[in-house]
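Report on the following structure.
Since every read-out is calculated from the coordinates, none of them should be taken as a lab result. All of these numbers come straight from a predicted model, not from anything done at the bench. Here the Cβ positions follow ideal geometry from the backbone for every residue, glycine too, while neighbour counts run over all protein chains shown.
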Amino acid sequence: MHLMAYGGRDDHIFRGGIMESGNPVFYGSFGHWDKTAFTNATNTLGCGSASDKLQCLRELPFDTLNAWINGTGSSIGWQPIVDGDFIQGYTSMQLAKGKFVHVPVISGANSDEGSAFGPIGINSTQDFINYLESKLQFFFQLSHCPDLTAH
């Protein structure tokens, strides 16, 4: 995300990037910001009454913030959001438009990475289509997709 930050503005602070277990394309909901989690974090960390809560969090000692993140904060689903500042747009679109810091990148993955999160028991194209139709219908509608059986 740092290479995508500020619309790919290059402040010459990176000479390269290393990504493990992922890339800057985020497949979740960029538009949803759990304000409850933010409010709980700021209140718990003593920034609830600050006029600039985010700046207050930025000024916390590392040990304080790190202890909270690894304790109570670990239950929050941390994810990037399009905030119009740090993340200015969908990262897939930024990549397509060349709006990222152009430096060499090493990208790695582990053997069978993600298999623990993937569905099991899919042994055919029809199994895959059935899974999509039953489990992912809230994220997109297959009626708007090309015929999956033709591929």
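Sort 56-66, 37-47, 94-104 by packing, meaning the average of other beta carbons within 10 Å per residue, with the highest value first. Before the final figure, lay out each step's value.
Working: 56-66: 12.0, 37-47: 15.4, 94-104: 13.8.
Per-residue mean Cβ counts within 10 Å order the peptides as 37-47, 94-104, 56-66.
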Roughly how many nanometres apart are two label points built 7 Å out from the Cα toward the Cβ at S107 and I129?
-> 3.0 nm
What is the distance, in nm, between label points placed 7 Å from the Cα along the Cα-to-Cβ direction at T39 and at Y90?
-> 3.0 nm
